[in-house]
1. So, PHE44, is that one over 30 Å from ILE58 (Cα atoms), free of Cβ contacts under 8 Å to residues at least 60 places away in the same chain and open to solvent by 60 Å² or more (accessible area, probe 1.4 Å) or not?
2. Taking ASP138 and the conditions (1) in a loop (DSSP other than H, G, I, E, B); (2) surrounded by 13 or more Cβ atoms within 10 Å (Cβ to Cβ), which numbered condition does it fall short on, given that it satisfies the others?
3. Only one of (1) without any contact (Cβ under 8 Å) to a residue 60 or more places away in the chain; (2) assigned to a helix (DSSP H, G or I); (3) more than 26 Å from PRO143 (Cα to Cα) is not met by VAL6, so which one is it?
4. Give the residue that is nearest to the chain's Cα centre (by Cα), with candidates limited to residues of segment 17-41 that are open to solvent by 100 Å² or more (accessible area, probe 1.4 Å) and of a type in the set (Ser, Thr, Tyr).
5. Would you check if PHE147 is among the aromatic types (Phe, Trp, Tyr), open to solvent by 80 Å² or more (accessible area, probe 1.4 Å), farther than 28 Å from LEU21 by Cβ and modelled with pLDDT under 90?
6. Identify, by number, the condition in (1) open to solvent by less than 90 Å² (accessible area, probe 1.4 Å); (2) among the hydrophobic types (A, V, I, L, M, F, W, C); (3) in contact (Cβ under 8 Å) with a residue 24 or more places away in the chain that VAL125 doesn't meet.
Amino acid sequence: MSRDRVGALLLLVFFVAYGYLSTNITLLPFQLNQAFHARTAPQFLTFAGILLAVFLLIKPGDDRPVDTSGMTFKRVALLCGLMIFYGLTVRALGFLISTSIFLMGGFWVMGERRWLVLVGASIPVVIGFWLLMTQGLDVFVAPFPEFLR
């Protein structure tokens, strides 16, 4: 199987599981007959994802075997570890601190070593996104841990 087909197969498995799990989203009684509710977007994404994955599986292409010699699994493992760290610390450290650490760590794993770039690219993006969420979209996102508020 080619790299494209392996990726398409993984996407297909992911979207089938996502679609199955989206059926577990509970609806309030008044939402049952509405055209748009909590399940609508996940079901649309499931349909679109499965459609695209099947298209990638059946399209003609290069069927050379996958060569994994040039892949950097260590980098992928570090990024996955960073994501787990972020998920576990976003409530404890607050959005601004945890997300800044996550972005700086991700940039570092990807090869950036200059501290000025790490800080200068991470912190303004995090603050800008937090402002967009809280001021523009009126969504509450705790900026700092509770003991600092």
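1. no
2. (2)
3. The failed condition is (1).
4. TYR20
5. Yes; evaluated as a whole, the condition is true for this residue.
6. (3)
The values are calculated or read from the model by the stated rules, or taken from the named source; none is laboratory data. Given the structure is predicted, the values throughout are model-derived calculations rather than measurements. Neighbour counts are summed over all protein chains in view; Cβ atoms, including those assigned to glycine, are modelled from backbone coordinates with ideal geometry. Only protein heavy atoms, including side chains, enter the accessible area calculation; ligands, DNA and RNA are left aside. Shrake-Rupley method; radii C 1.70, N 1.55, O 1.52, S 1.80 Å.
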